[in-house]
Amino acid sequence: METHQLEGKLRSLRLSGMLATLEARLAQARSGELGHLEFLEVLLEDEIGRREAKALAERIRRAHFEAELTLEEFDFAYNPGLPAPLIRDLAALRFLERGESVLLYGPVGVGKTHVASALGHLACRRGYSVLFAKTSRLLAELAGGRAEGSWEQRLRRLVRFDLLILDDFALRPFTGAQGDDFYELVSERAARGSFILTANRSPKDWYELFPNAVVAEGVLDRLINSSFHVHMEGKSYRPKRRPAQGGKLARGGAKE
């Protein structure tokens, strides 16, 4: 079969991963580096690799990370007091397999958002669906759904993600409607998915943020008692990112 005929068939089958490496693989086969079965196997591996890369890129796009951050980029040495062994253990994502959650809390600038985003990025790489959102914006989206009559639809969308990362949780007190919406979100996701929350306040201080004590108990009993508590204390990374003399940016650092 002529190469151009094979290329046409690969295009019709949407096997562009094979198409991209076809000439290189044919050259290997002609030189004797690949037998018949090996030739077919590596072509299939090329296609699988292309599809996996495309699927990962789509999961990352849908996650809406503010930035693609990884644990490899995180500077643990800057804050030796951070619970690095616990964070690295969480990177195995066993908590996600068990439907558990992670609460990252501590002062501004210690890398909570970076760690949360990095765990989310790892989850995307393992094939999980992830959504990253500022807590205030997510609650505003649900509130908009009540106004437009699409609340149920928006809630169902949020429930479907394997991992929901809520940044800047407990930043300010909730209104009654926000507390109710968050209760519904946590209740619906209780047996279906995990949360990662970042907050400046300790979980023991979250109860007072809800105007309804019964709602607070219903929400936080589910969250606090089924989550890993990661207290991140130390120096802020933000001074490391201040512009250096001469207009050059300082190297290193991490998002909050």
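Sites listed here are GluC sites (Glu not before Pro) in region 72-118 whose DSSP assignment is loop and whose Cβ has at most 14 other Cβ atoms within 10 Å: Glu100.
Please enumerate, by chain and number, the aspartates and glutamates with C-alpha under 15 Å from the C-alpha of Lys235, excluding those fewer than 8 residues away in the same chain. Qualifying aspartates and glutamates at Cα under 15 Å: Asp75, Glu256. Seen against the Cα atoms of the chain and their longest principal axis, helix 151-160 is set at about 60 degrees. Here is the size of region 3-60 from its Cα atoms: Rg then Dmax, 12.4, 40 Å. The C-alpha atoms of the chain define a longest principal axis, and helix 112-125 lies at about 30 degrees to it.
Please compute the length gained on full extension between Ala140 and Ala57, using 0.36 nm multiplied by the number of residues separating them and subtracting their Cα-Cα distance. Let's see the in-between values first.
Working: separation 83, 0.36 × 83 = 29.88 nm, distance 2.72 nm.
Result: 27.2 nm gained on full extension.
The spacing between region 213-231 and region 47-95, judged by their C-alpha centroids, is 25 Å. If only the Cβ of Lys and Arg carry +1 and only the Cβ of Asp and Glu carry -1, the dipole of the chain around its Cα centre is close to 640 debye. Computed from the C-beta positions of Glu100 and Glu68 and an R0 of 35 Å, the FRET efficiency is 0.90 to the nearest 0.05.
With a 10 Å Cβ neighbour count serving as the proxy for reagent exposure, in which order, fewest first, do Thr70, Thr21 appear? Provide the component values of the computation, followed by the final result.
Numbers: Thr70 14, Thr21 18.
In order of increasing Cβ crowding within 10 Å: Thr70, Thr21.
When you count the other C-beta atoms within 10 angstrom of each residue and take the mean per peptide, 77-86, 176-185 line up highest first as 176-185, 77-86. Overall shape of the chain was characterised from the C-alpha gyration tensor. The equivalent ellipsoid obtained from it has semi-axes of 43, 25, 17 Å, in decreasing order.
If r is the Cβ-Cβ distance from Gln28 to Glu7 and R0 is 22 Å, what FRET efficiency results, to the nearest 0.05?
Values: r = 17 Å, r/R0 = 0.78.
The value I calculate is 0.80.
Compared with the dominant Cα axis of the chain, that is its longest principal axis, helix 213-224 is turned about 40°.
Coordinate-derived values only; no laboratory data. Since we're looking at a predicted model, the values are computed, not measured. In this analysis, Cβ positions are derived from the backbone assuming ideal geometry, glycine residues included, and neighbour counts consider all displayed protein chains.
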